[in-house]
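Note sheet for the following structure.
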Ligand code: N01
């Protein structure tokens, strides 16, 4: 029997079956959720649109794709054996290696037989009488489950701007977030790249090496810090693995969910000479930790100006053509949009066949058969790469018709911005959960740690519901409202809320401007989740529980009960404390 036929047969066999849980998506979130559900003895089915596991790392195969959180930390932490047996080859792992890791996890924990691939969930409808979800797919499946868990990813719905004349372009158009699996050979081609976010920053230097001409269309100049990527030696791995449990514990206590040196001193209290030295040292370490040079950089504009000036000077020092250098110098808050981490990005503009086109004042007018037109000037191209990002945080939910109580759809409820208690569940949608949903640290923490914490919390929650015989759980509206307000309040104290970015949804025309992730810091958030659980799921309404006062058995959440140590908590958490916790 072929693999396709086997999948089809499996789907038919399963079509009549009820599950305790259906999980949507087999990225890191879906895989770990499945592992925990199976460990608790729940029946579960995962539906995955792709042909394999890995989520983001399955789809984003563009040249140069790699993680910008160090690989030793961008990995699951739930299994000490897994930590010890896997060897990362580089400081920042390339996409194929992360995908291999995802496949290794799927095999090691025997996950595949519960996953149906090549199948996209199209609808999920709550049956109020039966208190369960009916889930439909684009392959005609219809299954029911007590719990429906959305593991759909924060950056999984590609943003494809509807440029005029798009269909008339003669060459291929690629999106970095849905890259062809067989790869693309740009040798000798005139290539256009639209966008200068993380995906573009990583792919541009590599595409430039192949293309005969490369034109980058930039709407907003980007802040980027060198990665200084390197191979990891066996000695390094041995030492790092010996200290793995301690590293994991330190990471959990950090606002970002991953560990790096962080100087909590304010930049504004340092002398200009000391600041320069501090920035040089942080630049030499490179990567996202550059923002840890001082504690007030994302809270005081004057402090931010000092790091912005330093980084602009670096760009001017690298890029030889002064006009191009000026165009590449951002004028917004440093680190306001997601900071980029690069290898040779700015240097690429010194290559004679690479051109930068400013589309900030005069946007891309249209695609023609032969290329792109801006301000009446035609740029002839053989291939176009849209590195235009994603409908972040809510885009993947919008693709599924999710209908809760009284026929209300999630899209309708979220029209003015997402509303979810703790970023885990939304009132009116009982037994529906989201992993790293809007209102949780998610994209502002290391994704895998954020995922693990949510999954562990959910596993304990579902275990508790079974222990006390509860049939449904959903947030109380007043607690959800208070949490959403708190998320907004905290975001207002950070400079990150001041610019237009996918954090606030404004990268897509027409979307409401709402700061979607929770910026108060990972440990502050974890503490809130722990308190909610300790309090018998405070802020949630449980139906059908025989003894709802029974203390929840903490099976998996225990490892997230890290002490809140103010010395290691960033200004994000300190800022959160300026606003009363709900
Ligand atoms: O997307 P982006 P991305 N005309 O939204 C431009 C994660 N990630 O895929 O800034 C012209 O950042 C847009 O311009 P502007 C990471 O969290 C991680 O690069 O809106 N330009 C912008 O320059 C990251 O932040 C890794 O003015 C248009 C670009 O397209 C997130 O994913 C690697 C346009 C989109 O940038 C998203 O990154 C990759 C238009 N109509 C991604 N529309 C690592 O771990 C959009 N743009 C390293």
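The values are calculated or read from the model by the stated rules, or taken from the named source; none is laboratory data. Computed from a predicted model, the values in this text were never measured in an experiment. Heads up, the Cβs are rebuilt from the backbone with ideal geometry, glycines too, and the neighbour counts pull from every protein chain shown.
The residues in segment 88-108 that are under 19 Å from the mean Cα position of the chain (by Cα) and under 18 Å from residue 287 (Cα atoms) can be counted, and the count is 4.
Quick one: would you say residue 107 is without any contact (Cβ under 8 Å) to a residue 12 or more places away in the chain and either closer than 20 Å to residue 372 by Cβ or surrounded by fewer than 21 Cβ atoms within 10 Å (Cβ to Cβ) (or both)? Judged against the criteria, residue 107 is a match. For segment 489-527, a residue qualifies if it is more than 16 Å from residue 299 (Cβ to Cβ), in a helix (DSSP H, G or I) and within 19 Å of the chain's Cα centre (by Cα), and the qualifying residues are 522, 523, 525, 526.
Taking helices (runs of 4 or more DSSP H) as the structural unit, those lying wholly within segment 175-278 and holding at least 3 residues that are within 16 Å of the ligand (Cβ to nearest atom) correspond to 198-210.
The single condition among (1) assigned to a helix (DSSP H, G or I); (2) more than 16 Å from the ligand (Cβ to nearest atom) that residue 450 does not meet is (2). Quick one: is residue 153 under 17 Å from residue 433 (Cβ atoms), within 11 Å of the ligand (Cβ to nearest atom) and modelled with pLDDT of 95 or more? The answer is yes for residue 153.
Looking for something in contact (Cβ under 8 Å) with a residue 40 or more places away in the chain, assigned to a helix (DSSP H, G or I), crowded, with 21+ Cβ neighbours inside 10 Å and touching a strand residue (DSSP E or B) at 6+ places or on another chain (Cβ under 6 Å) - is there at least one such residue anywhere in segment 286-298? Looking through segment 286-298, at least one residue is in contact (Cβ under 8 Å) with a residue 40 or more places away in the chain, assigned to a helix (DSSP H, G or I), crowded, with 21+ Cβ neighbours inside 10 Å and touching a strand residue (DSSP E or B) at 6+ places or on another chain (Cβ under 6 Å). For segment 352-363, the set of residues classified as within 19 Å of residue 189 (Cβ to Cβ) and either surrounded by fewer than 18 Cβ atoms within 10 Å (Cβ to Cβ) or within 15 Å of the ligand (Cβ to nearest atom) (or both) consists of 352, 353, 355, 356, 357, listed by residue number. Against the condition under 18 Å from residue 425 (Cα atoms), surrounded by fewer than 20 Cβ atoms within 10 Å (Cβ to Cβ), at pLDDT below 95 and in contact with a strand residue (DSSP E or B) (Cβ under 6 Å, 6 or more places away or on another chain), how does residue 543 come out, does it pass? Yes, satisfied.
Taking the condition touching a residue at least 40 places away in the same chain (Cβ under 8 Å), within 10 Å of the ligand (Cβ to nearest atom), touching a strand residue (DSSP E or B) at 6+ places or on another chain (Cβ under 9 Å) and more than 29 Å from residue 311 (Cβ to Cβ), does residue 163 pass?
For residue 163, the condition - touching a residue at least 40 places away in the same chain (Cβ under 8 Å), within 10 Å of the ligand (Cβ to nearest atom), touching a strand residue (DSSP E or B) at 6+ places or on another chain (Cβ under 9 Å) and more than 29 Å from residue 311 (Cβ to Cβ) - is met.
Would segment 340-363 turn up any residue that is farther than 25 Å from residue 203 by Cβ and touching a helix residue (DSSP H, G or I) at 6+ places or on another chain (Cβ under 8 Å)? No, segment 340-363 has no match at all. Beta carbons closer than 7 Å, at least 6 apart along the sequence or on distinct chains, never pair a first residue in segment 43-64 that is closer than 29 Å to residue 208 by Cβ with a second that is assigned to a helix (DSSP H, G or I) and modelled with pLDDT under 95.
Here residue 343 meets the list (1) surrounded by fewer than 20 Cβ atoms within 10 Å (Cβ to Cβ); (2) within 26 Å of the chain's Cα centre (by Cα); (3) away from the ligand (no atom under 16 Å from the Cβ) almost entirely, failing just condition (3). Against the condition closer than 21 Å to residue 252 by Cβ and more than 22 Å from the chain's Cα centre (by Cα), how does residue 73 come out, does it pass? For residue 73, the condition - closer than 21 Å to residue 252 by Cβ and more than 22 Å from the chain's Cα centre (by Cα) - is not met. Note on segment 367-393: residues that are closer than 27 Å to residue 506 by Cα, away from the ligand (no atom under 12 Å from the Cβ) and touching a helix residue (DSSP H, G or I) at 6+ places or on another chain (Cβ under 6 Å) amount to 0. When residue 325 is tested against the conditions (1) free of Cβ contacts under 8 Å to residues at least 60 places away in the same chain; (2) in contact with a helix residue (DSSP H, G or I) (Cβ under 7 Å, 6 or more places away or on another chain); (3) within 15 Å of the ligand (Cβ to nearest atom), the lone failure is (3).
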